[in-house]
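Colleague: Shown below is the structure under consideration.
The values are calculated or read from the model by the stated rules, or taken from the named source; none is laboratory data. It should be emphasised that the depicted structure is a prediction, and the values quoted were computed from it without experimental measurement. A quick note on method: Cβ atoms are made from the backbone with ideal geometry, for glycine too, and the neighbour counts reach across all protein chains shown. All accessible areas refer to the heavy atoms of the entire protein, side chains included, with ligands and DNA or RNA removed. Shrake-Rupley method; radii C 1.70, N 1.55, O 1.52, S 1.80 Å.
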Amino acid sequence: MSLDIVVCIKQVPDPEYFSKITIDPVKQTIRREGIPTIINPLDKHALEEGLKIKEKFSGKVTAVSMGPPSAREVLEEALALGIDDAVLLCDRAFAGADTLATAYPLASGIKKLGNFDLILCGNETVDGATGQVGPQIAELLGIPHVTFVNEIEWANERDLIVKSTLERGYMKLQVTLPVLLSVVKEINEPRLPTVLGIMGATEKEIKFFNAKDIDVPEGTIGLAGSPTRVADVFEHKSKRKGEIIEGLPEDAVKRAVKRLRELKAI
Amino acid sequence: MKRGNPVWVWTEQRNNRLMDVGVELLGKGLELSERLNVKLETILIGNQTRKLADELMAYGADTVYMIEDPRLQTYQSDVYANVLADLIKEHSPEILLIGATNIGMDLAPRVAAKVETGLTAHCVDLYIDEDNGIPYLAQVVPGWGGNLMVKIVCPEKRPQMATVRPGVLEKPARNESRKGEIVKVTPDIKDGDFKVKTIEMVEEKAVGIPIEEADTVVAGGWGLFSAGGFKPVEELAEVLGAAVGGTRPAVDKEWISDDQMIGQSGKTINPKLFISVGASGAMHFTTGFLRSKVIMAIDQNPDAPIFKVSDIGLVGDLREILPYLIEELKKVV
Ligand SMILES: Cc1cc2nc3c(=O)[nH]c(=O)nc-3n(C[C@H](O)[C@H](O)[C@H](O)COP(=O)(O)OP(=O)(O)OC[C@H]3O[C@@H](n4cnc5c(N)ncnc54)[C@H](O)[C@@H]3O)c2cc1C
Ligand SMILES: Nc1ncnc2c1ncn2[C@@H]1O[C@H](COP(=O)(O)O)[C@@H](O)[C@H]1O
């Protein structure tokens with residue numbers, strides 16, 4: 001037997017450039033022009049785990065992403081790491097999706113691919129940071145899920161015990177495939193692409209699916225299919241004075257400490 | 001008379017102790033339900049939870065739906081989600097709030113997908129607004145750039161679901177004389193329903209003072225990169241007897257651990273004194289400490305948004321400022 005493993009990966013803006021991202025005051029959408037993109041960091045751990053499991057039991061790893069045409073870049077990177085297949089769900093109709101309207105096409109796309117035993121996600125993205133997409137894909141596919149996974153122990157090829165971190169402590173859970181696991185960074189150390197991998201990747205083709213290709217239920221995708229929406233963007237008004245203490249560092253520090261004492265903060 | 005669909009809070013218990021965030025949410029839930037003139041109800045899943053139900057009523061719950069089963073003592077992913085989703089379908093709550101503990105974050109999206117409604121993660125504020133005389137839940141999350149906040153709504157689907165991190169909301173006052181009703185629910189749960197089975201839950205003690213309990217917290221950001229690491233912040237904290245926290249880049253650099261991260265995706269704290277060093281002041285970060293008593297910031301960029309949320313600002317290179325500050329503080333504390 002061998003396993004069909006699907007890894008969901010998302011292209012995200014590089015967090016080092018987050019301070020340059022702004023909101024368009026008119027359209028209320030995020031302006032990210034000129035911001036470099038990367039694979040969502042935790043999704044790299046999901047890819048690594050997928051590859052490790054394939055090496056253990058044999059099988060196939062397919063990466064799936066939903067995003068604009070540029071998202072093919074993260075799939076190319078995944079191919080260079082050694083995955084077998086890559087699929088991009090790409091359609092203007094997918095744009096503006098909240099987590100549920102993201103989970104729908106991903107779930108439908110995964111179903112379209114055929115059999116799946118294990119789906120791996122990152123526990124959260126750096127740009128959305130909701131951690132909701134994974135469990136919602138699992139629900140739509142009717143399979144169980146576990147989040148915050150930092151360790152997988154295989155009893156055999158179908159039965160596993162996973163460790164899920166808590167704020168302080170952990171849970172151990174028993175589950176049988178198929179399952180969706182959302183992983184945290186402690187689970188593994190992602191590998192780097194090899195020269196051979198990069199060369200091999202250029203020979204592999206990325207499949208593109210649009211909304212029609214994946215039979216996604218009507219009214220469940222994009223902005224129109226999203227239960228939530230942005231109603232307003234407004235400025236946070238702080239009641240604090242924002243007093244700046246000027247001068248040479250030595251002198252300014254003295255006055256700042258004096259202020260801290262006046263305010264009884266120290 | 002309270003009429004109309006209720007406001008719900010899922011109140012998590014672990015080892016028969018209520019999680020604080022559920023109680024914090026009851027405070028907010030009470031405010032929302034009074035504004036809508038509807039009942040505040042809570043869902044309590046566990047085993048032998050009668051004492052907890054009394055506590056929930058003292059914190060404002062009009063109704064406690066009590067689901068008791070020895071198999072549900074510890075969180076069980078699919079069964080908890082099924083139980084909650086079935087209750088939603090039966091009672092049609094207007095709003096459902098869930099505490100964003102690791103378990104709450106596991107449960108909430110699954111339930112939202114089951115009942116096909118919207119879910120807003122990690123709200124920093126919630127209030128009732130009106131559209132053409134029809135009240136709805138405004139869900140506020142930090143936005144990108146500067147001091148921007150974003151208001152999210154869920155116009156059509158119900159319940160309007162939101163998660164909130166621990167510490168974001170204040171704990172309400174307890175009132176023993178408050179009365180409520182306990183409604184016992186006995187769902188039909190088969191052993192086969194546990195597709196994921198929690199076989200063990202281990203709770204560990206915190207090492208050191210957790211940042212949410214410290215009186216003084218010093219936090220560092222990406223600016224520490226120029227100083228070659230987090231050392232200067234640790235030294236400052238030591239002089240003040242303070243706990244150490246930081247921004248997400250500080251976590252990414254592994255200068256601090258995950259549970260020391262402050263902000264929308266991390267902890268919300270309100271110490272007596274908060275000092276930010278080399279952090280620009282993204283709203284995602286600042287929402288994590290806005291309720292501190294006194295806030296001081298150090299950053300070399302005079303236009304950094306961090307200064308807008310501070311009481312005291314020091315503009316300059318942290319490599320120059322911190323040695324003086326540490327020396328000066330040694331004299332007075
Ligand atoms: C959904 C979402 C949730 C998020 N949640 C969180 C969260 O919970 N917590 C969090 O922190 N972030 C969070 N972020 C990220 C957040 O948006 C910012 O990217 C992050 O807070 C920036 O961290 P920083 O201030 O350390 O880095 P930067 O924004 O890069 O700021 C570094 C600062 O250091 C200053 N500096 C540099 N060198 C020096 C020097 N020598 N002396 C003095 N000053 C210097 C610079 O002037 C600058 O102001 C989230 C983002 C998203 C999208
Ligand atoms: N557009 C997307 N395409 C593929 N996978 C996604 C997408 N959005 C989210 N995911 C997956 O869901 C996880 C959690 O995302 P989030 O709910 O946005 O925090 C990510 O780490 C990915 O594995």
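Colleague: So how do B:152-161, B:66-75 stack up, highest first, on mean other-Cβ count within 10 Å?
Modeller: Values: B:152-161: 20.3, B:66-75: 17.7.
Peptide ranking by packing, descending: B:152-161, B:66-75.
Colleague: Sticking with this structure for a sec: Given a cut-off of under 8 Å on Cα pairs at least six residues apart, what relative contact order in percent is computed for the stretch A:3-220? Walk me through the numbers before you get to the answer.
Modeller: Working: 453 pairs, mean separation 56.3, N = 218.
Relative contact order here is 26 percent.
Colleague: Excluding ligands, DNA and RNA, what is the accessible area buried between chains A and B, summed over both sides, using a 1.4 Å probe, to the nearest 100 Å²? List each step's numbers first, then the result.
Modeller: On the way: alone 16030 and 16740 Å², together 25960 Å².
Accessible area lost upon association: around 6800 Å².
Colleague: Moving on. Could you check how much of the accessible area of the stretch B:85-236 is carbon and sulfur, as a whole percent, using a 1.4 Å probe? Mind showing how you got there, number by number?
Modeller: Values: 3220 of 6790 Å².
Accessible surface attributable to carbon and sulfur in the stretch B:85-236 totals 47 percent.
Colleague: Roughly how tilted is helix A:72-81, in degrees to the nearest 10 and between 0 and 90, from the longest Cα axis of chain A?
Modeller: 70
Colleague: Across the residues of B:195-207, average count of Cβ atoms on other protein chains within 10 Å? Present the calculation step by step, with values, prior to reporting the outcome.
Modeller: Working: counts 9, 13, 7, 6, 5, 8, 7, 7, 6, 5, 2, 2, 1.
For peptide B:195-207, the averaged partner shielding equals 6.
Colleague: Just to confirm, what accessible area per residue do you get for the protein assembly as shown at 1.4 Å probe, in whole Å²? Let's see the in-between values first.
Modeller: On the way: 25960 Å² over 599 residues.
Value returned for the protein assembly as shown: 43 Å² of accessible area per residue.
Colleague: Expressed as a whole percentage, what fraction of the accessible surface of chain A belongs to carbon and sulfur atoms when a 1.4 Å probe is rolled over the protein heavy atoms?
Modeller: Summing carbon and sulfur atoms, their accessible area is 52 percent of the total for chain A.
Colleague: Then there is this: When chain A is treated as a GNM, springs tying every alpha-carbon pair under 10 Å, which of A:Gly34, A:Gly67, A:Gly50 comes out with the largest mean-square fluctuation?
Modeller: A:Gly34
Colleague: Taking every residue in B:97-110, how many Cβ atoms of other protein chains lie within 10 Å of its Cβ, on average?
Modeller: Working: counts 0, 0, 0, 2, 2, 13, 6, 0, 9, 11, 2, 4, 15, 9.
Counting other chains' Cβ atoms within 10 Å and averaging over B:97-110 gives 5.
Colleague: Count neighbours as other Cβ atoms within 10 Å of each site's Cβ, and list the GluC sites (Glu not before Pro) in the stretch A:17-107 that are DSSP loop with at most 10 such neighbours. Before the final figure, lay out the partial values.
Modeller: Working: sites: A:Glu33, A:Glu48, A:Glu49, A:Glu55, A:Glu73, A:Glu76, A:Glu77; in loops: A:Glu33.
Within the stretch A:17-107, the qualifying GluC sites (Glu not before Pro) (loop, at most 10 other Cβ atoms within 10 Å) are A:Glu33.
Colleague: A further question on this structure: If amide H atoms are built 1.01 Å from N in the plane of the peptide, which residues on other chains or at least 5 residues away come under 5 Å of the amide H of A:Thr147?
Modeller: A:Ser182
Colleague: Using a 10 Å cut-off on Cβ to Cβ distances, tally the other chain neighbours for every residue of B:152-158 and report the average as a whole number.
Modeller: Values: counts 6, 6, 6, 4, 1, 4, 1.
For peptide B:152-158, the averaged partner shielding equals 4.
Colleague: Find the Rg to Rh ratio for chain A, where Rh is the Kirkwood radius over alpha-carbon pairs and Rg uses the same atoms.
Modeller: Rg/Rh for chain A comes to 1.08.
Colleague: Return the lysines within reach of B:Lys195: Cα separation strictly under 17 angstrom, same-chain partners fewer than 8 residues apart disregarded; answer none if there are no such residues.
Modeller: A:Lys163, A:Lys172, B:Lys114
Colleague: Could you identify which residue out of B:Lys179, B:Lys51, B:Lys114 has the top mean-square fluctuation in a GNM of chain B using Cα springs shorter than 10 Å?
Modeller: B:Lys51
Colleague: Find the centroid of the Cα atoms in the stretch B:234-283 and in the stretch B:72-128, then give the distance between the two in whole Å.
Modeller: 30
Colleague: Given charges of +1 on the Cβ of Lys and Arg and -1 on the Cβ of Asp and Glu, with all other atoms neutral, how large is the dipole of the stretch B:44-117 about its Cα centre, in debye to the nearest 20? Could the numbers behind the result be given before it?
Modeller: On the way: 6 positive and 11 negative charges, 33 e Å.
The dipole of the stretch B:44-117 has a size of about 160 debye.
Colleague: Report the dimensions of the stretch B:137-204 along its three principal axes from the alpha-carbon atoms, largest first, rounded to Å.
Modeller: Computed over the stretch B:137-204, the largest-to-smallest principal extents equal 51, 40, 39 Å.
Colleague: Full extension from B:Asp258 to B:Asp20: what is 0.36 nm times the residue separation minus their Cα-Cα distance, to one decimal in nm? Don't skip to the answer; put the middle values down first.
Modeller: Working: separation 238, 0.36 × 238 = 85.68 nm, distance 1.99 nm.
Value of the extension gain: 83.7 nm.
Colleague: Going by a ≥ b ≥ c, the root eigenvalues of the Cα gyration tensor, does the protein assembly as shown fall in the rounded group (a/c under 1.5), the prolate group (a/b larger than b/c) or the oblate group?
Modeller: Numbers: a/c = 1.60, a/b = 1.17, b/c = 1.38.
The shape class here is oblate.
Colleague: Taking chain B, how much of its Cα-Cα pair set, in percent, is spaced more than 38 angstrom apart? Can you show the working numbers first?
Modeller: On the way: 13200 of 55278 pairs.
Tail fraction, whole percent: 24.
Colleague: Here is a further query. Near the amide H of B:Val183, under 5 Å away, which other amide H atoms are found, from residues 5 or more places off or on another chain, if H is placed in the peptide plane?
Modeller: HN-HN under 5 Å from B:Val183: B:Val64, B:Tyr65, B:Met66.
Colleague: Pairs to check: A:Lys54/A:Lys185; A:Lys27/A:Lys239; A:Lys20/B:Lys308. Give those whose C-alpha atoms are more than 21 Å from each other in this structure. Don't skip to the answer; put the middle values down first.
Modeller: Working: A:Lys54/A:Lys185 19 Å; A:Lys27/A:Lys239 28 Å; A:Lys20/B:Lys308 18 Å.
A:Lys27/A:Lys239, as the Cα separations exceed 21 Å there.
Colleague: Can you spot the aspartates and glutamates whose alpha carbon is less than 17 Å from A:Lys212's alpha carbon? Ignore those fewer than 8 places along the same chain.
Modeller: A:Asp91
Colleague: Run the 1.4 Å probe and let me know the accessible area of A:Arg261, rounded to the nearest 10 Å².
Modeller: So the heavy atoms of A:Arg261 present about 130 Å² to solvent.
Colleague: Right, something else. Under 18 Å between alpha carbons, and skipping anything fewer than 8 positions from B:Lys184 in its own chain: which lysines qualify?
Modeller: Counting by Cα, and skipping residues close in sequence, B:Lys184 has these lysines nearby: B:Lys39, B:Lys51, B:Lys89.
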